[in-house]
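Asks: Pasting in a structure now, in structure tokens, and then I'll have a few things to ask.
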Amino acid sequence: MDNIRELEKRWYYYKVKKILLFLNSFGFVVMLGLGSYYAFIKVHLIENIFNTETLLVKSEIETPKLTVEPVLVAKPIENVIKSIEPREIVMASKNEGIEGSVPHEVSLEPIIPIIDMEKEERKSTHTTKYRAPSRQTAQSGLVRAKPSAYLTASELATINGKSYSSSSHSRDTRSIKKINLNGTSDNYIETIKKKFASNKQPREALLLAKAFYAEKNYNKSEEWALKANKLDSNLEESWYLFAKSKAKLGQKADAIKILTSYYKQRHLPKAKALIIKIKSERL
Amino acid sequence: MMKAILFILMTTPFLFSSNLSKLYKLYEKQEYLKACDYAVKYYNKNKNSEKYLTLYGLSCLETDKIYRIATPMIRLGKSESSRANASYFSTILLQKQLLRQALFDGKKIDDLHLPTTNFILSKIFNLFVNKEYVLKDGIYKFEDKDNKEKTYKLYIDNSRKNKKYMMIDIYKDEKFIKRYRYN
Amino acid sequence: MTNRFENLKNIFIDSVDKDNFVELESATYNYKILEESLNKPLKMVLLFGKPGTGKSMLLNKLYHNLKESRDIFFFDAPILSEKEFLRRVYESISAKDIPHNMRVNFDGLLRYCQKLKGEREIVFLLDECQLYSETLMEKIRLLSDTRVVKFIITLHKTDDEDIIAKQHFKTRIWEVVELSNATENDLHIYIQKKMIQKGFVEIAHMLQKKDIKFIHKHTHGNFRETNKFLYTLFDIYEYYDENIPHKVSNKKFSKKFLEMTALKLGYING
């Protein structure tokens, strides 16, 4: 019967319409859900900002408490610390209110987050070839963002004498005259020598020792390291540099002896590590 | 119209792609300026993520636009670690402001004890407050007691019209390695 | 050999044949009430309901069950001419034929009925009374006042006629029996019994609750509409069975065919 065929066509058309209607309503519901979610987040955010703003406003009101006037200007620093009134110490001391007490040093460090890279990668639609090396992973995929290494690759390159590509650096060299970027090692050594001659600081001597060591002039480095050490026996680096120079000059036994006695005094792990390094000829 | 809806439905999950992993990667590569710009760009989508905010702050901390750390700083606070990070950021920001005041306006900030941080600004602030510097030709020079090879210079840069910048130059073994320019 | 679906569909051809009466609880209940009302000192009984709820079927059954034991007459089609109506009434009561050129006088009929008081109790079943004029309805009322003649009348339930029913007959003692559309359960039983009555047991058991739900959704449980639905459904089945037999399932009813039926009958907009 043609009628039935016609009816069947109508039925197909009806089915398609039904599916489209369902998808339409489903889509509408999803959009409505998303819209409400976004609206909720915004409202939440506005509330939070409002709360934060009132907090900020409050803190502004309180800043007058931050007295910057010095208590004592002329006295040396050590005396100043002792005579500071507790109320003038802001945010620093746990022992506020205790008169005459030495302010307690508060140290802050950032707490680096642990990121579940696998989870984040799954969320991401952009696949990149770079995969961050996982450090301290208890489970796979978890990485701890390391604290800033402070010296970026470009900066390290500068120290190592390679080309330096930072744009801010190139921008500024022209304007600031006082920065001397181009120094040869001879100039450097001479400069430091002059400085040492004027101020006789152990730091200068140590710098010289290092410069000579870098130039593989181990005799000189040994000499200057010793000088630095005589001026300040607490200068840790001077000990190491002295021992290293000795070792490089072939006097390993002496180097180890010196380091061992230093280690017995101070028990520094770095000293021990150096001893092992010299012993294993990995210097 | 239906097609459009279906398309939207299919792609909405991907609108929530992970900015956090991208930001982390940039931070790990030490591309701090890129990371900071990226963090700012996708801030709105991720402002409820404490990890995102922390990385945002840490990245922008290493740039000249240190004032940007204020944004994540005010939002961090849902957990103990995020509160600690917020204090860390706000301390550094406060130290920068005070140092700038001291430099530009001669404000006395001697004997001021703020919490210390390992960030360069904090170090310089503490050395400045304790007057452990050598002042010559308007440049404050500091030596790092913990890293003997490092020295720092603090001075004002007036070379631009109507704009003053607080400059911090870092030297390692007398070689210039990094500069911060703060306005 | 006729297609089995052709036979099936014929079951659902609308008719008031008493043999097609399906015993449903609700129908049985109403039937009993009607039967009992005849024993009560009532003048008129109103059988009331939407078209297709089974009023005619009920009257028919009543008539056939009681015709041997009672003085009962069934006017299955309304007699719109008053003259004709009175004639028929008289002919039924007197069992005499009246020549066509003679007119029955109402007063005469009334007196005739009054004379029969105490001797006879006559019941008239009148179907589709909504078509009777008001004057005729008055005459019917007057006849019932004789207490010799009882009337069971059916009326279609519409909002207007609701009001009319109340106004006209509120002063009389009435029994009102209301018929309503079948529930899903009743509909299920109705359809199944109809099929089983004619020997289609397997197909009757193929029917599932969801199919009934679908049918009920569209026909609202109205018997007439349901009959029409099933007739159309089996008509479609007949076509497919003859031309594309692989599309016809022996295990369950096809949703597609049900929807096609609904489309054809205009329940769904295609």
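What follows is calculated from the coordinates using simple rules that are stated; it is not laboratory data. Remember, predicted model here, so these are calculated numbers, not experimental data. Because the Cβ atoms are built from the backbone with ideal geometry, glycine has one as well, and the counts that use them run over all protein chains shown.
Asks: Apply 1/(1 + (r/R0)^6) to the Cβ-Cβ distance of A:Ile111 and A:Ala214, taking R0 = 35 Å, and write down the FRET efficiency to the nearest 0.05.
Replies: Numbers: r = 37 Å, r/R0 = 1.07.
After rounding to 0.05, the efficiency reads 0.40.
Asks: Which order do the peptides A:112-121, C:30-39 come out in when sorted by mean C-beta neighbours inside 10 angstrom, highest first?
Replies: Details: A:112-121: 18.6, C:30-39: 15.3.
Answer by packing, highest mean first, reads A:112-121, C:30-39.
Asks: For a 20 Å ceiling on Cα separation, which of these pairs sit above it: A:Lys230/A:Lys257; C:Lys61/C:Lys117; A:Lys200/A:Lys246; A:Lys220/A:Lys244; A:Lys15/C:Lys210; A:Lys230/B:Lys172? Mind showing how you got there, number by number?
Replies: On the way: A:Lys230/A:Lys257 18 Å; C:Lys61/C:Lys117 27 Å; A:Lys200/A:Lys246 24 Å; A:Lys220/A:Lys244 12 Å; A:Lys15/C:Lys210 18 Å; A:Lys230/B:Lys172 24 Å.
Violating the 20 Å Cα-Cα cut-off are C:Lys61/C:Lys117; A:Lys200/A:Lys246; A:Lys230/B:Lys172.
Asks: Below 12 angstrom from the Cβ of C:Phe5, what's the summed charge of the other residues (Lys, Arg +1; Asp, Glu -1)?
Replies: Details: positive: C:Arg4, C:Lys9; negative: C:Glu6, C:Asp235, C:Glu238, C:Asp241, C:Glu242.
Overall, the nearby charge balance is -3.
Asks: To continue, here is another question. Given a 10 angstrom Cα cut-off, can you work out which residue in C:Met137, C:Met102, C:Met44 is the most mobile in a GNM of chain C?
Replies: C:Met102
Asks: Still on this structure, please answer the following. In debye, nearest 20, what is the charge dipole magnitude of chain C about its Cα centre with +1 on Lys and Arg Cβ and -1 on Asp and Glu Cβ, if you could check?
Replies: Working: 43 positive and 39 negative charges, 65 e Å.
With only Lys, Arg, Asp and Glu charged at Cβ, the dipole is about 320 debye.
Asks: Per residue of B:22-32, count partner chain C-beta atoms within 10 Å of its C-beta, then hand back the mean as an integer.
Replies: Working: counts 5, 3, 8, 9, 1, 6, 9, 4, 10, 2, 2.
Per residue, the number of nearby Cβ atoms from other chains is 5 on average.
Asks: Using only Cα atoms, tell me the angle between helix B:120-129 and the longest principal axis of chain B; keep it within 0 to 90° and round to the nearest 10.
Replies: The two axes meet at around 30 degrees.
Asks: Take peptides C:86-96, C:146-156 and line them up by average Cβ neighbours within 10 Å, highest first, as a rough protection proxy. Write out the running numbers ahead of the final one.
Replies: Values: C:86-96: 16.3, C:146-156: 21.9.
Ranked from most to least packed, the peptides come out as C:146-156, C:86-96.
Asks: Which aspartates and glutamates, if any, have their Cα less than 19 Å from the Cα of A:Lys248, not counting same-chain residues under 8 positions apart?
Replies: A:Glu215, A:Glu222, A:Glu223, A:Glu236, A:Glu237, A:Glu281
Asks: Something else: At 0.692 mPa s and 37 °C, plugging the Kirkwood radius over alpha-carbon pairs of chain C into Stokes-Einstein gives what diffusion coefficient in µm²/s? Each step should come with its number before you reach the end.
Replies: Working: Rh = 20.7 Å.
It diffuses with D of about 158 µm²/s by this estimate.
Asks: In nm, to one decimal, how far is the A:Ser261 label point from the C:Glu121 one, both placed 7 Å along Cα→Cβ?
Replies: Output for this residue pair reads 14.2 nm.
Asks: Please get the size of the charge dipole for segment B:107-183, origin at its Cα centre, with Cβ charges of +1 on Lys and Arg and -1 on Asp and Glu, quoted in debye to the nearest 20.
Replies: It comes to approximately 500 debye.
Asks: Which ³J(HN,Hα) values in Hz, rounded to whole numbers, follow from the phi angles of segment C:131-143 under the Karplus curve 6.51 cos²θ - 1.76 cosθ + 1.60, where θ = phi - 60° and Gly and Pro get x?
Replies: Once θ is set to phi - 60°, the couplings for segment C:131-143 become 8, 6, 6, 5, 5, 5, 4, 5, 5, 4, 4, 5, 5 Hz.
Asks: How big is the Rg/Rh ratio for segment C:1-43, C-alpha atoms only, Rh by Kirkwood, two decimals?
Replies: Numbers: Rg = 16.5 Å, Rh = 13.2 Å.
Ratio of gyration radius to Kirkwood radius for segment C:1-43: 1.26.
Asks: If you find the alpha carbon centre of segment B:158-183 and of segment B:113-152, how far apart are they in angstrom?
Replies: Each part's Cα centre sits 14 Å from the other's.
Asks: Also, I was wondering about something else. Cross-link partners among lysines for B:Lys131, C-alpha distance below 19 Å, same-chain residues fewer than 8 apart left out?
Replies: Candidates past the 8-residue exclusion: A:Lys75, A:Lys82, B:Lys96, B:Lys107, B:Lys108, B:Lys123, B:Lys141, B:Lys145, B:Lys148, B:Lys150, B:Lys153.
Asks: So, with +1 on the Cβ of K and R and -1 on the Cβ of D and E, and no other charges, what is the size of the charge dipole of segment C:25-179 about its Cα centre, to the nearest 20 debye? Please report the intermediate quantities before stating the final value.
Replies: Details: 25 positive and 24 negative charges, 112 e Å.
The dipole magnitude comes to about 540 debye.
Asks: Same structure again: By counting other Cβ atoms within 10 Å of each Cβ, how are C:Val22, B:Val40 ranked from fewest to most? Walk me through the numbers before you get to the answer.
Replies: On the way: C:Val22 19, B:Val40 16.
The fewest-first ordering by Cβ neighbours comes to B:Val40, C:Val22.
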